Amino acid sequence: MTATELRTTGVAGTAGRRATRTRTMRRGRVLQFGIFVVPGMAIYVALVLVPMVMAIVTSTTDSNQFRLGADFVGIDNYLRLVQDPAFLRALGNTVLIAAVVTIVPNVLGLAIALLLDRKGWIFNVLRSAFFIPIVLSAVVVSVIWGLILRDDGLLNQTLRWFGVADPPGWVSDPNIALFTVSSVICWQVLGVCVVIYLAGLQGIPRELLEAAEIDGAGPATRFRTVTFPLLAPAVTINVILTLIGGFKVYDQVKVITNGGPGVGTTNTLAFDVVRVSVDSGQVGYGSAMATVMLVIIAFVSIVVMRLLQRREVSL
Amino acid sequence: MRRRMSIAAAAIAMSVVALTACTAGNAPTGSGEDVELSFLTFETPNLTAEYWDEAIANASAEVPGVKINKIVGENNLEYLQQLWSSGQAPDIFGGGIAIESFVAKGQLAEWSEDEIGDIVVPDGYAGMIDGKLYATPSTGSQAIPLVYYNKDAFEQAGITEPPSSWDEFLEVCEQLKAAGITPIEIGGGGEDTWAAEMVPAAIIETDVSGQDPEWFAKRQAGEVSFSDPEFVAAAQKVADLAKQGYFDMDGLSRTYADTEQAFRDQKAAMYPMGNWFAASADTTPLDFELGVFAMPSEDGRNLMPVVTGLGLSVNAEAADVDLAKQWALAFQTNQENFDKSIKADGGLVSDDFELPSGLGEAYLATNDLYRTAVKEDNTVPASWYIQGMTPPGFVSALDPALVDLINGRMTAEAFAEFADQKWEELKLEQ
């Protein structure tokens, strides 16, 4: 072997060994990535995607738990849905609850977070107090509020003591029961919004606020020009979480009003899916409802997320 | 290399742990010889966990070699169907759950005449399908509902006897109202929307099934409709009672337990409820004297709506079907279990059975009423509560409409139309 060849081999050998090492390292990282991701993906596929596809397939049949066999019916279930007054009423109720549960906790949550974004033991205590409801299960919260809000419950007894002769039927008046249920949900999720907004506020550099103050910006101007734009990621997270949660409401309706008082007053999509699929056994029709619910939630979430993410500012 | 293998081993270990955690709870293993069988029970304020545990122990003492895994759930068709659909079907169940759909799918074991021994199978028994027996006959019946009443409140209003006709019933309500006493307690709040059914069911069963015991069977065949005059008239009676102010309307937002407490607290004079209330009244005595009568019909009869439920059925795929049947029969025929069920839940029994000692006054009064009704042929099917008589989910689908009927948001005609619409939506096509 000549010196040139030796040199070439040496250089090429070093470069080659480096390339080989790089490829090996890349393959190793891919393998590590795969080992950690694949099990989770497998569980996700098995427990989420596969049932989702099965539900969509079932929605094209007249499957009924109380009867043998099921026939393919195409889109008949979906056509039935658009003409079903119970479904349309549940859809309307769900949209209303989702709107209330998105707007109220976010507005109140931001206001409370601004007030609690200070140092001091009292503010630590208050932060914990606001977070406690979200730790409780929705069923427990609903049972407690159901007892408080019934016609002869604690709230009306208190109102009567203060001289209100005929207090409202919070859960028995069909005109207000839906707002009562929405209020209970708002009460519970408010804490999540407060905590996320607090985290967002604490991520805003103080120097920016101080600079704005030095430039003569008042509190409202500082909030509008500095704080709120930089809180955009927190707003996105909170709005999406509350929106999706609002569309999926079931527990509170089931425990507090069981869909009443009266026909369809507080029925939601999720409540009707369970009622139709489980109580009545009409799994095919219930699956169609669930599929429509999935499409609505996915569409609304994507649209809202896109709109909100445009606002997000990077430092 | 060694680092890669460690990472792989850790990932595999995590996956195994995750998948193990996803596994549904494994059934506990018994001793090597015991056969494990699951038994579906349902807990109520009367039928407590202790009641079931003692009854299970009594049966297991008679049939050794069985380890019973108690499933606590609900005694209704929809719940049992959920268990079956999710692969958790119990090996033994009872509680009056309609069994036709399970029989149609070959999911239940058949009982032979030898196996049920001395238990008598009554004519027209719902557990006998196509000449084969799929559920042991129950020894007790339920009256759903009767009208329990506060005798002290009646006396205060100047009423000396319970009503024996519909006109007398209205008079009683008016007298109570004039005395400042709310006549009728109702429920229906929270999850317990079913509690609003009691008054409507009493009137429908008395007036509709009372005139024609086959009415609901005819509805199944499409020969009658809820919009027919007899049903609309019964619904109108309910609406009229509400309009006259005879109901404790606060009850519409009370749970079942709170509705009973409201009657105990004397918020109303009459409490339409199933006969199981008698057991509760004997267990926790009331502050007033209690009476009971059956809702009077238009034509002056006090008709008692009765359900004679199905006894126990066995899953055809149980680990040991023969042993499961032996255990089920022991559970049902054990004398101590029979006595306990009477005392705990107030099941009504005919003259053919001897009552245990130590029964309370409320139960004895209720059972005497039942025995008299049987002798005088004044029982009618409690069709609203006989599982299988209405489509799955029909009764619960009508509960909100009953509330609307009571609070005046729905007319009797609209309620009847709603009932027909729900029936057609929910009926199973054969």
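Only the coordinates and a few stated rules stand behind these numbers; no lab work does. For clarity, every value in this text was computed on a predicted model and none was experimentally measured. Don't worry about glycine lacking a Cβ; one is built from the backbone with ideal geometry, like all the others, and counts go over all protein chains shown.
Things worth noting here:
- Dmax and Rg, reported as Rg then Dmax, of the range A:76-309 (C-alpha, Å): 20.8, 67
- For the range B:28-129, a/c is less than 1.5, where a ≥ b ≥ c are the root eigenvalues of the C-alpha gyration tensor. That puts it in the rounded class.
- For B:Leu312, distant residues with modelled amide H under 5 Å away: B:Thr136
- At R0 = 25 Å, FRET efficiency that the Cβ-Cβ distance of A:Ile56 and A:Val143 yields, to 0.05: 0.10
- Straight Cα distances below 26 angstrom link B:Lys218 to the lysines B:Lys105, B:Lys132, B:Lys237, B:Lys422, B:Lys427, with same-chain residues fewer than 8 positions distant left out.
- Dimensions of the range B:147-216 from C-alpha coordinates, computed as largest minus smallest value along each principal axis and given longest first, are 40, 34, 16 Å.
- Between the range A:223-268 and the range B:85-147, the Cα center-to-center distance that results, in Å: 46
- The mean number of Cβ atoms from other chains found within 10 Å of a Cβ in peptide B:248-258 is 5, as a whole number.
- Mean separation of Cα contacts under 8 Å, 6 or more apart, over the residue count of chain B: relative contact order %: 24
- Chain A: most fluctuating residue of A:Leu178, A:Leu269, A:Leu230 per GNM, C-alpha cutoff 10 Å: A:Leu230
- Number of partner chain Cβ atoms within 10 Å, mean per residue of A:276-284: 6
- The ratio of the alpha-carbon radius of gyration of chain B to the globular-protein estimate 2.2 N^0.38 Å is 1.10.
- Convex hull of the range B:345-430 built on C-alpha atoms - directionally averaged projected area, nm²: 8.8
- With K and R counted +1 and D and E -1, the other residues having a Cβ less than 12 Å from that of A:Thr221 yield a net charge of 0.
- Averaged over A:166-179, number of beta-carbon atoms from partner chains that fall within 10 Å: 2
- Two tests apply to each whole DSSP H helix in chain B, Cα reach of 24 Å or more along its axis and mean Kyte-Doolittle hydropathy of at least -1.0, and the ones passing both are B:2-22.
- Cut-off 19 Å, label 7 Å out along Cα→Cβ of A:Ala70, residues of the range B:74-104 by amide N: B:78-89, B:101-102, B:104
- Largest mean-square fluctuation among A:Gly245, A:Gly109, A:Gly169, in a Gaussian network model of chain A whose springs join Cα atoms under 10 Å apart, belongs to A:Gly169.
- Note on B:Thr44/A:Arg18: beta-carbon distance plugged into 1/(1 + (r/R0)^6) with R0 of 60 Å gives a FRET efficiency of 0.20.
- Backbone amide hydrogens, once placed in the peptide plane, bring B:Phe42 within less than 5 Å of B:Gly73, excluding anything fewer than 5 places away on its chain.
- Approximate spin-label separation B:Asp212-B:Thr372, in nm, with each point projected 7 Å along Cα-to-Cβ: 3.1
- Report note on the peptides A:251-258, B:99-106, A:273-280: ranked by the mean count of other C-beta atoms within 10 Å, highest first, their order is A:251-258, A:273-280, B:99-106.
- Top of A:Pro174, A:Pro133, A:Pro39 by mean-square fluctuation, Gaussian network on chain A, Cα under 10 Å: A:Pro39
- Virtual spin-label span in nm between B:Val35 and B:Gln266, 7 Å along Cα→Cβ: 5.7
- Close amide H pairs (under 5 Å, H built 1.01 Å from N) link B:Val224 with B:Arg219, residues at least 5 positions away or on another chain.
- Among B:Lys343, B:Lys67, a tally of other beta-carbon atoms within 10 Å of each Cβ gives an order, fewest to most, of B:Lys67, B:Lys343.
- Spin-label model, B:Ser357/A:Val125: points 7 Å from Cα along the beta carbon direction are separated by 6.3 nm.
- Of the DSSP H helices in chain A, those whose Cα atoms cover at least 20 Å axially and whose Kyte score averages 1.0 or more: A:85-116, A:121-135, A:177-202, A:232-247, A:283-309
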